[in-house]
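Single-structure report; data block below.
The values are calculated or read from the model by the stated rules, or taken from the named source; none is laboratory data. Note that the structure is predicted; figures quoted are calculated from it, not measured. Quick reminder, even Gly has a Cβ in these numbers, built from the backbone with ideal geometry, and neighbours come from all protein chains shown.
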């Protein structure tokens, strides 16, 4: 190995293409444990307050929740397609549009989430002195509902920003919006989707038949 | 090398399309099953279906199918560590006997400290 | 330095801006060193006030509230702003690429971001201190922290959150670096043990710290919005906080000790002129400590109301986690056997580590025993135990590493005589401070109390006196390291004749680290005791 070879080893210059992916997967492992603490708190509540959890979950907006789930699943498909397009010489012109579609779907998700929260505020489902449900544990359910969807929403905001930025950068052929960066951002997006995939049944579908 | 195992664009597009349809179908199944009276199996159904959906996202969309051992290990490590948190705290929760005392009965009242001197948000 | 030599990393940009925008891992390490040293002395000032107060039985120096805030500040600063980042972010950042023959870490800009996040978190925590402090103890136990404390809990937790994010990114950087930037000739079992230690530490950083992050968020939410998850009146569980908190905070102590063990494994072979005994078992022991370390957190909760079954499980696992640590102690000792031992300052610190860590580790077994822990928990026995490991262990290893690699980083030698005196003072002062605390704990003196019955005064006076000696020992390096920067003798590339790729770079290294590709030896720790001139008295 020459000094020149050594000198090129950092990720800023000509890195191994898998370095960024490995870095993102390691980051996602940490994110899993970040959300994981909330899932533990959720499990505690569900096992100790089954009635409260059921009462609370019945008051979530299952229509908006399902629509939002469908939007996110579609957005994951869209960004996966974008990554596939970027790998193919003939389809590369579609990448930016697919990235913009993904970001757009994510933005719609956030708007709908805001609508949900707004409605829940008006129905007195936000934990506090005027909380609407007298069942024990229902307040904790909604507390976790807002913390979990809120934290998820913050991650979505970062994702929408990243993918939107990459869509613009890719359209303008910027060097920082290449295949590697897009694939890494897509991994992040899929993870945020995966978290929602679990939040959906845990928050919206606890006891719909009661 | 991961690149050599990446399928052609047409195959990948088909895979993504099929996965998308499967994901939506699973979502509707999960939704539907919630309206059936299955007792504790409702939660099981919800979690199992969610697990399958995440597996599809991870395997196909996140390309774990084509990834090397190291990345797969990274994918599993977080889940495994979370599992340890669940398992060992579960030992406590499964074996702790809770004897209810008056103050512990859940109630939807203000906690005592709300009556004390107001604090500002940073405290 | 003569004019003919090309610039080192220190000469590569002399403005403040060049330092604050650097992505050179060596400069980032220096930035960390400055910030960490500052926080070390703030935390040390809190400790000084604590020991001054405890020199007399009455609470006559500070009020009850102020005392609570002092030990909280000491804990928060020393754990999160000093111990956790110190060896990884100072020594690890500087040395890891050099040890791997690489030009930099895998993500140099992320490295700089880590430093900025660390400083931001530290400043937020300091701000909380200046505004009035927090009095919950560094453990922030609920329901006191969520319901009753009238201090700056949320602000402090914001600082901790930010600093935690910094450490996650550092761990991420190290993991990817070790996987992807090793030279082809350096397989896993030719890695220096310091790199193994950093790898295992980084796994813990990445996997455990996020749980602390979510816990701080939940405490803040509970405090701001009374959500009730930790409040028994709402059916919540204060122990849920402890499970989440200690799930991070126990592995955190391995974040603090594993890199220290790595440093010791670099120093002892060099100054005994012997390869590490049982290299493979040392590496496996590092991995075992990191993994089993995730399984023992409930030993902090034996008397908290946790179920007996869970306590017994955690107690058993805590005994098991001691085994790999013991293996390492045996192997360090075996490395010394038939070595040509030199008692240079780094070696004094390393040997001090081995002895003091052993005592700290053994006393951990006392605490892991359920029946004994009922008596010893929340007494000064616990305080002594963790200070033996964290101060007698980690801080001594940090100082040993600072001395060992100082010539490499600065190109100058520190004054050896003064360094040895400081090391001896630290060792003596440390033992005088903390050994009496084992006795105090057994006799029943509780921790976190600022008054105590008069019969405990003698031991407390020993302890406070020792703290004074320890302080001198810690202040001396400030003076002689500064002197060394200005007037120290040129060190040369390898003043200790050490093996390891970092010593093949110049002292101090150029920005790109190596002028020519370093040679990866066939054997790691390729020391032989016969290399050095035999001492006159060891003639056959």
- Message: What's the total number of residues in the range C:182-208 that are over 22 Å from residue C:324 (Cβ atoms) and at the interface with another protein chain (Cβ under 7 Å from one of its Cβ atoms)?
- Response: 1
- Among the candidates C:269, C:192, C:251, which residue alone is within 18 Å of the chain's Cα centre (by Cα) and at pLDDT 95 or above? C:251
- Query: All but one of (1) more than 24 Å from the chain's Cα centre (by Cα); (2) within 21 Å of residue C:98 (Cβ to Cβ); (3) within 11 Å of another protein chain (Cβ to nearest Cβ) hold for residue C:132; which doesn't?
  - Reply: (2)
- Query: All but one of (1) buried (at least 21 other Cβ atoms within 10 Å of the Cβ); (2) within 11 Å of chain B (Cβ to nearest Cβ) hold for residue C:167; which doesn't?
  - Reply: (2)
- Query: Just one of B:59, B:20 is touching a helix residue (DSSP H, G or I) at 6+ places or on another chain (Cβ under 6 Å), more than 9 Å from chain A (Cβ to nearest Cβ) and closer than 18 Å to residue A:72 by Cα; which is it?
  - Reply: B:59
- Failed condition for residue C:55, given (1) in a loop (DSSP other than H, G, I, E, B); (2) at pLDDT below 95, with all others met? (2)
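Yes/no matrix, rows are residues, columns are (1) within 20 Å of residue A:187 (Cβ to Cβ); (2) more than 7 Å from chain A (Cβ to nearest Cβ):
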{"residue": "B:11", "(1), (2)": "no, yes"}
{"residue": "B:15", "(1), (2)": "yes, yes"}
{"residue": "B:25", "(1), (2)": "no, yes"}
{"residue": "B:28", "(1), (2)": "no, yes"}
{"residue": "B:32", "(1), (2)": "no, yes"}
{"residue": "B:37", "(1), (2)": "no, no"}
{"residue": "B:42", "(1), (2)": "no, yes"}
{"residue": "B:79", "(1), (2)": "yes, no"}
{"residue": "B:91", "(1), (2)": "no, yes"}
- Message: If I ask for residues that are closer than 15 Å to residue A:120 by Cβ and surrounded by fewer than 19 Cβ atoms within 10 Å (Cβ to Cβ), which ones from the range A:147-169 would you list?
- Response: A:150, A:153
- Query: Among (1) farther than 30 Å from residue C:356 by Cβ; (2) over 20 Å from the mean Cα position of the chain (by Cα), where does residue C:242 come up short?
  - Reply: (1)
- Query: If you check residue A:156 against the conditions, is it within 30 Å of residue B:32 (Cα to Cα), more than 9 Å from every other protein chain (Cβ to nearest Cβ) and touching a residue at least 60 places away in the same chain (Cβ under 8 Å)?
  - Reply: no
- Where residue C:450 falls short, out of the listed (1) at pLDDT 95 or above; (2) surrounded by 18 or more Cβ atoms within 10 Å (Cβ to Cβ): (1)
- Filter the range C:405-429 for residues that are surrounded by fewer than 24 Cβ atoms within 10 Å (Cβ to Cβ), more than 11 Å from residue C:348 (Cβ to Cβ) and under 19 Å from the mean Cα position of the chain (by Cα) and give the result. C:429
- Listed by first then second residue, the pairs whose first member lies in the range C:266-292 and is without any contact (Cβ under 8 Å) to a residue 12 or more places away in the chain, whose partner is surrounded by 24 or more Cβ atoms within 10 Å (Cβ to Cβ), with beta carbons under 7 Å and at least 6 positions apart or on separate chains, are none
- Among C:326, C:368, which is crowded, with 21+ Cβ neighbours inside 10 Å and over 16 Å from the mean Cα position of the chain (by Cα)? C:368
- Scanning the range C:209-232 residue by residue, the ones that are within 19 Å of residue C:150 (Cβ to Cβ) and facing another protein chain (nearest Cβ under 7 Å) total 5
- Using the structure shown, decide if residue A:143 is within 16 Å of residue A:41 (Cα to Cα), out of contact with any helix residue (DSSP H, G or I) (no Cβ under 6 Å at 6 or more places or on another chain) and modelled with pLDDT under 95. yes
- Quick check: is even one residue across the range C:67-80 part of a loop (DSSP other than H, G, I, E, B) and farther than 17 Å from residue C:166 by Cβ? no
- Among the residues listed as C:105, C:123, C:157, the single one being over 30 Å from residue C:513 (Cβ atoms) and surrounded by 21 or more Cβ atoms within 10 Å (Cβ to Cβ): C:157
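Yes/no per residue for (1) free of Cβ contacts under 8 Å to residues at least 60 places away in the same chain; (2) in a helix (DSSP H, G or I):
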site: C:119; (1), (2): no, yes
site: C:122; (1), (2): no, yes
site: C:127; (1), (2): yes, yes
site: C:139; (1), (2): no, no
site: C:147; (1), (2): no, yes
site: C:150; (1), (2): yes, no
site: C:160; (1), (2): no, yes
site: C:204; (1), (2): no, yes
- In the range C:449-505, what residues are assigned to a loop (DSSP other than H, G, I, E, B) and within 22 Å of residue C:263 (Cβ to Cβ)? C:488, C:491, C:492, C:493, C:494, C:495, C:496, C:497, C:498, C:499, C:500, C:505
- Message: Test of understanding: among C:103, C:109, which residue is part of a helix (DSSP H, G or I) and within 11 Å of chain A (Cβ to nearest Cβ)?
- Response: C:109
- Query: Is it true that residue C:240 is under 22 Å from residue C:304 (Cα atoms), touching a helix residue (DSSP H, G or I) at 6+ places or on another chain (Cβ under 6 Å), within 11 Å of chain A (Cβ to nearest Cβ) and in a helix (DSSP H, G or I)?
  - Reply: yes
- Task: Tally the residues that are away from chain B (no Cβ under 14 Å), closer than 25 Å to residue C:295 by Cβ and not in a loop (DSSP other than H, G, I, E, B), restricting the search to the range C:253-280.
- Result: 12
- Determine, yes or no, whether residue A:160 is modelled with pLDDT under 95 and over 16 Å from residue A:27 (Cβ atoms). no
- Query: Going by the conditions given, is residue C:309 at negative phi, without any contact (Cβ under 8 Å) to a residue 60 or more places away in the chain and either in contact with a strand residue (DSSP E or B) (Cβ under 9 Å, 6 or more places away or on another chain) or assigned to a helix (DSSP H, G or I) (or both)?
  - Reply: yes
- Message: Condition first: in contact with a helix residue (DSSP H, G or I) (Cβ under 9 Å, 6 or more places away or on another chain), surrounded by fewer than 20 Cβ atoms within 10 Å (Cβ to Cβ) and over 18 Å from residue C:268 (Cα atoms). Now tell me which residues in the range C:513-534 satisfy that.
- Response: C:515, C:516, C:517, C:519, C:520, C:521, C:522
